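Peer 1: Okay, here's the structure, questions in a sec.
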Amino acid sequence: MKTDQDSRAQQVHIETFGCQMNQYDSELVRSLLKARGFTLTEDKEQADVILMNTCAIREHAHNRVYGHLAELKAIKRQRNLVVGVLGCMAQNLKTELIETEPIVDILVGPDSYRRLPDLISKALESQGQDNTQPGIAVDLSEYETYGDIMPERAEGVNAWIAVMRGCDNFCTFCVVPYTRGRERSRDPEGILHEAKLLLQQGYKQITLLGQNVNSYRFDDWDFARLITAVGDLAGIERVRFTSPHPKDFPPTLLDAVASHPKVCKHIHLPLQCGNDRILKLMNRTYSVKEYLALVDAIRQRRADIALTTDLICGFCTETEEEFLDTYRTVQDVGYHSAFVFKYSERKHTIAARKHPDNVPERVKADRVTRLVDLQKSISLQKNRELVGSTLPVLVEGDARKSSMQWMGRTDSTLTVVWEKRASPTRPGDLIPVHITRVSATTLFGEETTPR
Ligand code: 5AD
Ligand code: SF4
């Protein structure tokens with residue numbers, strides 16, 4: 001049997017699927033494990049423990065995890081390995097996952113990460129013994145915000161801070177209220193303290209995360225006050241946030257975006273669909289008219305605020321005419337970019353229980369293609385208008401395709417790529433870049449002033 005001391009030297013590898021909140025949760029998990037003496041490794045081959053931090057939002061995310069589990073099954077046949085499934089899929093499927101995937105030793109939901117180190121130690125100790133029971137921690141909490149834990153972040157320019165967890169909106173298609181539980185906000189003092197430390201460590205941009213940041217409340221703090229306070233911190237270049245809900249977008253938050261020099265001029269405003277009957281079925285609690293009035297109010301306050309969105313195609317009973325309403329709304333708004341998804345029925349959701357998932361897969365796929373094509377043409381047209389202008393760009397690092405080029409982002413979150421040259425430019429610098437040509441997804445340019 002392994003001793004506790006042995007298990008402290010064990011190497012843990014974490015793979016992360018899904019959204020920014022999940023990336024952040026993996027950073028929390030890293031911190032919790034390091035504090036208990038585990039070593040983290042990037043190298044799967046060396047790992048004694050492999051954890052998958054999973055996403056349950058769509059079928060595709062599920063399938064990717066099942067694919068990885070099949071891979072781990074093969075490794076586990078050859079050597080000792082503890083396999084853990086964390087996050088939303090663990091929470092949503094619970095013991096069903098253990099029953100269908102007997103190689104899973106540990107199952108931990110998003111509110112139970114504090115129990116993970118003990119469960120790993122136990123699993124390592126009982127390796128090779130007969131009849132060992134998997135370690136399961138899937139209780140949801142009304143209070144857990146992990147506010148006292150400083151996440152173990154990767155180096156970079158941007159740091160995420162989750163300011164709230166959970167969601168109470170119960171959009172009928174969405175599994176998040178079931179996997180991440182009730183809404184709760186983190187103490188602003190802790191958030192500001194953490195943000196100050198991050199800026200001292202050299203991070204330049206902070207992104208505040210929450211499933212619906214409009215619901216952030218702590219004593220007399222709301223989200224607008226919080227983001228303003230973060231933007232006021234010494235040394236910060238930019239503060240971003242995601243996501244607000246269109247049903248209750250606060251005017252004070254619009255003021256903060258429009259007027260605070262450090263708050264990025266970008267609002268991600270998930271529309272989901274542009275037809276009132278479907279919006280009602282989705283329980284989004286706004287009409288298309290109300291959504292468009294909000295877009296107008298944003299643009300009247302400041303025309304250069306970039307809008308992006310999420311769209312779902314082929315939700316239960318959606319007709320071609322109703323889809324065309326979404327198409328036309330996307331044309332009307334003119335988003336900078338959009339994430340377009342095929343509706344994917346999720347276990348436990350209201351839609352799964354009450355509404356038929358009756359739009360054929362090929363119809364869903366065709367609607368996605370049409371919306372993606374439309375959005376591409378809108379993005380290209382908007383980007384073309386930027387050719388010839390000079391924009392402030394926060395340098396993030398090497399471009400994906402070439403280390404001879406830099407990649408950075410504009411205030412409105414557009415990706416910019418340009419040739420490196422003999423200048424002292426470094427990641428984290430905010431520099432002017434002259435835009436020379438564009439595609440639908442990227443601006444290309446050159447550094448203007450030798451510095
Ligand atoms: N099917 C398809 N897309 C979904 N989303 C959430 N749940 C589903 C689902 N069941 C999308 C929404 C949300 C984004 C994060 O994921 O557009 O805004
Ligand atoms: Fe899901 Fe709706 Fe909550 Fe967003 S607001 S996490 S879509 S339930």
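The values are calculated or read from the model by the stated rules, or taken from the named source; none is laboratory data. If you're wondering where the values come from, they're calculated on a predicted model, not measured in any experiment. Every residue, glycine among them, receives a Cβ derived from its backbone with ideal geometry; neighbour counts consider all protein chains shown.
A quick yes/no check of all residues on (1) touching a Gly at 6+ places or on another chain (Cβ under 6 Å); (2) closer than 20 Å to Lys34 by Cβ; (3) within 16 Å of ligand 2 (Cβ to nearest atom):
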| site | (1), (2), (3) |
| --- | --- |
| Gln127 | no, no, no |
| Thr132 | no, no, no |
| Gly135 | no, yes, no |
| Val138 | yes, no, no |
| Ser141 | no, no, no |
| Ile149 | no, yes, no |
| Ala154 | no, yes, no |
| Ile161 | no, yes, no |
| Arg165 | no, no, yes |
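Peer 1: Among the candidates Glu142, Glu152, single out the residue that is farther than 18 Å from Arg180 by Cα, in a loop (DSSP other than H, G, I, E, B) and acidic (Asp, Glu).
Peer 2: Criteria check complete, one pass: Glu152.
Peer 1: A further question follows. Quick check: anything in the range 186-205 surrounded by fewer than 19 Cβ atoms within 10 Å (Cβ to Cβ), under 19 Å from Thr285 (Cβ atoms) and of a type outside the set (A, V, I, L, M, F, W, C)?
Peer 2: no
Peer 1: If you go through the range 277-312, how many residues are free of Cβ contacts under 8 Å to residues at least 24 places away in the same chain and away from ligand 2 (no atom under 16 Å from the Cβ)?
Peer 2: Restricting attention to the range 277-312, the residues satisfying the condition of being free of Cβ contacts under 8 Å to residues at least 24 places away in the same chain are 279-280, 287, 289, 293, 296, 299-300, 303.
Retained after the next criterion (residues that are away from ligand 2 (no atom under 16 Å from the Cβ)): 287, 289, 293, 296, 299-300, 303.
The number of residues fulfilling the criteria is 7.
Peer 1: Sticking with this structure for a sec: Going through the range 338-367 one residue at a time, which ones are more than 16 Å from ligand 2 (Cβ to nearest atom) and surrounded by 20 or more Cβ atoms within 10 Å (Cβ to Cβ)?
Peer 2: As a first pass, look at the range 338-367 and keep what is more than 16 Å from ligand 2 (Cβ to nearest atom): 356-367.
Those that are more than 16 Å from ligand 2 (Cβ to nearest atom) and surrounded by 20 or more Cβ atoms within 10 Å (Cβ to Cβ): Val359, Lys364, Arg367.
Peer 1: Output the residues belonging to the range 53-94 that are assigned to a helix (DSSP H, G or I), more than 14 Å from Ser344 (Cβ to Cβ) and in contact with a Leu (Cβ under 8 Å, 6 or more places away or on another chain).
Peer 2: Scanning the range 53-94 gives Leu72, Ile75, Ala90, Gln91.
Peer 1: Kindly list, by first and then second residue, each pair from a residue in the range 234-259 that is within 16 Å of ligand 1 (Cβ to nearest atom) to a residue that is at pLDDT below 95 and not in a helix (DSSP H, G or I), limited to pairs with Cβ atoms under 6 Å and residues at least 6 apart or on different chains.
Peer 2: Between residues of the range 234-259 that are within 16 Å of ligand 1 (Cβ to nearest atom) and residues that are at pLDDT below 95 and not in a helix (DSSP H, G or I), the close pairs are His245/Asn212.
Peer 1: If you take the residues of the range 161-181 that are free of Cβ contacts under 8 Å to residues at least 60 places away in the same chain and within 15 Å of ligand 1 (Cβ to nearest atom), which of them is nearest to Asp111 (Cα to Cα)?
Peer 2: Once the filter is applied, the top-ranked residue is Gly166.
Peer 1: Out of all the residues in the range 378-391, is one or more away from ligand 2 (no atom under 16 Å from the Cβ), touching a residue at least 40 places away in the same chain (Cβ under 8 Å), farther than 19 Å from Ser287 by Cβ and of a type in the set (D, E, K, R)?
Peer 2: Within the range 378-391, the subset away from ligand 2 (no atom under 16 Å from the Cβ) is 378-391.
If we keep only those that are touching a residue at least 40 places away in the same chain (Cβ under 8 Å) as well, we get 378-380, 382-384, 386-391.
Those still in the list that are farther than 19 Å from Ser287 by Cβ too: 378-380, 382-384, 386-391.
Within this subset, residues satisfying the condition of being of a type in the set (D, E, K, R) are 382, 384.
Yes, because at least one residue in the range 378-391 is away from ligand 2 (no atom under 16 Å from the Cβ), touching a residue at least 40 places away in the same chain (Cβ under 8 Å), farther than 19 Å from Ser287 by Cβ and of a type in the set (D, E, K, R).
Peer 1: Scan the range 328-345 residue by residue and report those that are near ligand 1 (Cβ under 9 Å from one of its atoms) and out of contact with any helix residue (DSSP H, G or I) (no Cβ under 9 Å at 6 or more places or on another chain). Talk me through it step by step, then tell me what you get.
Peer 2: Initial filter on the range 328-345 (near ligand 1 (Cβ under 9 Å from one of its atoms)): 339-345.
The one that is near ligand 1 (Cβ under 9 Å from one of its atoms) and out of contact with any helix residue (DSSP H, G or I) (no Cβ under 9 Å at 6 or more places or on another chain): Phe339.
Peer 1: On to the next question. The conditions are (1) at pLDDT below 95; (2) under 24 Å from Ile305 (Cβ atoms); (3) surrounded by fewer than 18 Cβ atoms within 10 Å (Cβ to Cβ), and Ser412 fails exactly one of them. Which is it?
Peer 2: (3)
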